[in-house]
Amino acid sequence: MSTQSARRQFLRYLAGSPLFALGGVNVAQIARMLDGSSAERSRALELIQQQAQEPTLIASASEALNVFDFEPVARKKLPPAHWGYLATGTDDDETIRANREGFTRWDLHPRRLVDVSHIDTSVKMAGTTWETPIVINPVGSQRAFHPEGELAVARAAKARRHLMVLSNVATTSIEDAIAARGAPVWSQLYHRTDWNETKQMVKRAEAAGAPVLVFTVDLIAGSNRETMLRAQTVDTRNCENCHVGGRPRPGVEGSAVRQDTRRKPMIAGIVPGEKAPEVGTPTWEFIKRLRDSTSMKIFIKGIVTREDAELAMENGVSGVFVSNHGGRAENSGRATITSLPEVVAGVRGRGVVIVDGGFRRGTDIFKAHALGATAIGIGRPYIWGLAAFGQEGVETVLSLLRHEFEVVMKQAGTTSISKISKSYIVPHNG
Ligand SMILES: Cc1cc2nc3c(=O)[nH]c(=O)nc-3n(C[C@H](O)[C@H](O)[C@H](O)COP(=O)(O)O)c2cc1C
């Protein structure tokens, strides 16, 4: 058999394997990489090898050495479609990989003989001082990952004293999340086409005591989540209890099926009123509308350019999240850590800059601060912890990241976050 046909046969075998569909590995992408440069070929083989290996699973949160240890446990415990929802990026999932690879473009440039017996990791955002810059980012539908969902995360945030941002499509109401957190959470918003509906959600978050509204703008044009769609096809459960019309597959959702809000208390709480005429999708004018309708501070999540950072500041927002939705919005292929410096330049000290996307190590957090971030956000890692071991898993993920970050701060000779400047990193191999 020729090498060519052997390769094709092998790839056909891979394509038929549910394991690969679930692991977020895109077979078409691997096929392309195998036809590419030698670096691409070896990366493709690495991906195949990783996928083929059975990871050693930790049996309890305390066994974890790092946040990655939770991922295979979460994957094993979750139904395939829910795992697909968590793992997915868009198109070939390139932007997920880009987010991680972005950190490797910077190396540390540590200083020695500094007294690091006491370090201060606190940051101030929207008038509150947090003892850690690690923010629990909004992630929707958390009861799909653990029966206690957002409540377990809020309790972990309380125990470890982290800022939590609650998703607009959470499976727990903002009132219950704040009660479990024992302090206000920030409220994330996806707009509705009907402004009256959007306004009701804004007012509800404000009444519940959220000090900040985080308006997410990177999904307005939709997204192509192939890894999720592929995983749904191998999930054979009957999901009618939670999804109207059964499994949430392509073609099932849409105008023929009413929107399922049974597990989305923030949306289910909307009282239908008279529809306001809407023109198009949100523009900067919409930010003004938001500002005029609430006393909460407004943050915009999904800013990746200097131009939009400038506009955000001109439009009176208090901060931005440099975010590509964890590689789940447009498949830009650009890491958020790469976008960060230009956004910081656009903000010019006029607001808070939180960056998220691929943060898994203390060194990642350190590099973000060196490039001017106020704080960093995490998504998937704490959900791996939640799915694997509930609240304890979330707490352990938070404490591992915190510990790693504190160690690298000391190793680099930086005693506070404001001291972590650009001089503590250099371009890779620079
Ligand atoms: C399963 C999942 C659900 C998400 N849901 C939301 C959401 O409801 N609102 C939002 O603004 N961002 C959402 N995000 C994006 C995260 O807030 C964050 O930007 C991203 O996860 C960071 O990347 P990371 O997962 O690599 O840490 C979601 C991300 C994931 C993985």
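The values are calculated or read from the model by the stated rules, or taken from the named source; none is laboratory data. Predicted model, so just to flag it, every value in this text is computed and none were measured. For neighbour counting, all protein chains shown are included, and Cβ atoms are generated from backbone atoms with ideal geometry for every residue, glycine included.
Couple of notes before you dig in:
- When Gly302, Gly349 are checked against the criterion of being under 21 Å from Ile220 (Cα atoms) and surrounded by fewer than 23 Cβ atoms within 10 Å (Cβ to Cβ), a single residue qualifies: Gly302.
- Scanning the range 383-405 for any residue that is farther than 23 Å from Pro138 by Cβ and more than 21 Å from the chain's Cα centre (by Cα) turns up nothing.
- Looking at Ser167, Ser173, Ser122, just one residue is within 12 Å of the ligand (Cβ to nearest atom) and either over 19 Å from the mean Cα position of the chain (by Cα) or in the same structural domain as Ala388 (by TED's automatic domain parsing) (or both), and that residue is Ser167.
- Residue ID - nearest to Leu401 (Cα to Cα), chosen from residues in the range 132-162 that are assigned to a helix (DSSP H, G or I) and of a type in the set (Lys, Arg): Arg160
- Restricting the range 138-154 to residues that are among the aliphatic types (A, V, I, L, M) and more than 12 Å from Tyr85 (Cα to Cα), the residue that is surrounded by the fewest Cβ atoms within 10 Å (Cβ to Cβ): Leu151
- Qualifying residue in the range 163-181 (condition: in a loop (DSSP other than H, G, I, E, B), touching a Phe, Trp or Tyr at 6+ places or on another chain (Cβ under 8 Å) and buried (at least 24 other Cβ atoms within 10 Å of the Cβ)): yes
- Selection status of Ala335, small (Gly, Ala, Ser) and more than 16 Å from Asn99 (Cα to Cα): no
- Lys410 vs. criteria farther than 22 Å from Arg155 by Cβ, among the charged types (D, E, K, R), touching a residue at least 40 places away in the same chain (Cβ under 8 Å) and away from the ligand (no atom under 16 Å from the Cβ): yes
- Taken together, Leu213, Leu219 contain a single residue that is within 13 Å of the ligand (Cβ to nearest atom), closer than 21 Å to Gly351 by Cβ and either among the hydrophobic types (A, V, I, L, M, F, W, C) or part of a loop (DSSP other than H, G, I, E, B) (or both), which is Leu213.
- Listed by position, the helices (runs of 4 or more DSSP H) enclosed by the range 274-349 include none that has at least 1 residues that are small (Gly, Ala, Ser) and free of Cβ contacts under 8 Å to residues at least 12 places away in the same chain.
- Residue, nearest to Ser421 (Cα to Cα), within the range 354-372, restricted to residues that are β-branched (Val, Ile, Thr) and either within 14 Å of the ligand (Cβ to nearest atom) or assigned to a loop (DSSP other than H, G, I, E, B) (or both): Ile365
- When the range 93-131 is filtered for residues that are more than 27 Å from Val153 (Cα to Cα), of a type in the set (D, E, K, R) and in a loop (DSSP other than H, G, I, E, B), the ones remaining, listed by number, are Arg105, Arg111, Arg112, Asp115.
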